[in-house]
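First the structure, in the form of structure tokens, and then the observations on it.
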Amino acid sequence: MSGDDETPKRGLLGTFRANAFPSRQPPKITTTQTAHVLERKYGGNRQAMAAAYGVTPTAVGRWLKGTRTPRGRDAENLRHDAAEVQTTERGRERRAREVERAATGANASVSRTATFAIRGSDAIRAQDVPLRLSAAQIAALVRAQDEETARRIVGSAIADYFNSGAYARWTAEDFDYDPESFTLG
């Protein structure tokens, strides 16, 4: 796994948080990245972190001490996770309240080219789906803790878009899309 140079996908939640919290940056030093990820994502459990990265708990300990540094995909995953844990629950809640008070939504889109699917239809359209996320939907995305919750929120916005026509029967579960194709703004 550590020799694989494939970059990790951020997913819908990671893409959204990168837009919602533009100043969030992972620490530059690998030992600090490891310490933040270990504590904030894995609750200090080296075995859990090692299992997630496909390494031994000893390797995680070496990353912490700085005697070894992660390479390849492990380094990318660590950088990605370190950026993810920069947004604390308290910070997300504060941002969600700001969005709710402002009561303004945001424009977003999901690509419909090759990755977008509607249950019961095999049509591929060359046009993106323009979305209008309400302040409540944005606040819910800010508070979301997992990919499935984020996908449901964006799926409901897609359903709102399609339900504006004559066939108002779509639900969030009727749509499948690549989370990497979601853009905010």
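Computed from the coordinates by the stated procedures, all read-outs in this text should not be read as laboratory data. What you are looking at is a predicted structure, and each value in this text was computed from that prediction instead of being measured. Glycine gets a Cβ as well: all are built from the backbone with ideal geometry, and neighbour counts include every protein chain shown.
Taking amide H as placed 1.01 Å from N in the peptide plane, the amide H of GLY105 sits under 5 Å from that of ALA135, each at least 5 places away or on another chain. To the nearest 0.05, what FRET efficiency results for ALA48 and GLU173 with a Förster distance of 30 Å applied to their C-beta separation? The value I calculate is 0.45. Per-residue 3J(HN,Hα) values for segment 138-150, derived from phi via the Karplus relation 6.51 cos²θ - 1.76 cosθ + 1.60 with θ = phi - 60°, read 5, 4, 5, 5, 4, 7, 4, 9, 9, 4, 4, 5, 4 Hz in sequence order (x marks Gly and Pro).
Could you work out how much longer the chain between ALA136 and ALA103 gets when fully extended? Use 0.36 nm per residue separation minus the Cα distance between them, nm to one decimal.
Values: separation 33, 0.36 × 33 = 11.88 nm, distance 0.79 nm.
That pair, ALA136 and ALA103, stretches by 11.1 nm at full extension.
Derived scalar couplings between HN and Hα for segment 83-93 equal 5, 4, 7, 5, 8, 7, 4, 5, x, 5, 5 Hz in order, rounded to whole Hz, by the Karplus curve 6.51 cos²θ - 1.76 cosθ + 1.60 (θ = phi - 60°), x for Gly and Pro.
Residues of segment 138-172 with an amide N closer than 18 Å to a point placed 7 Å from the Cα of GLN127 along the Cα-to-Cβ direction: 158-168. Proximity of backbone amide H atoms, modeled 1.01 Å from N, is registered between LEU131 and ALA108, SER109, VAL110 at under 5 Å, excluding neighbours fewer than 5 places apart on the same chain. Summarising the label geometry, the points placed 7 Å from Cα in the beta-carbon direction at GLU147 and THR58 lie 3.2 nm from one another.
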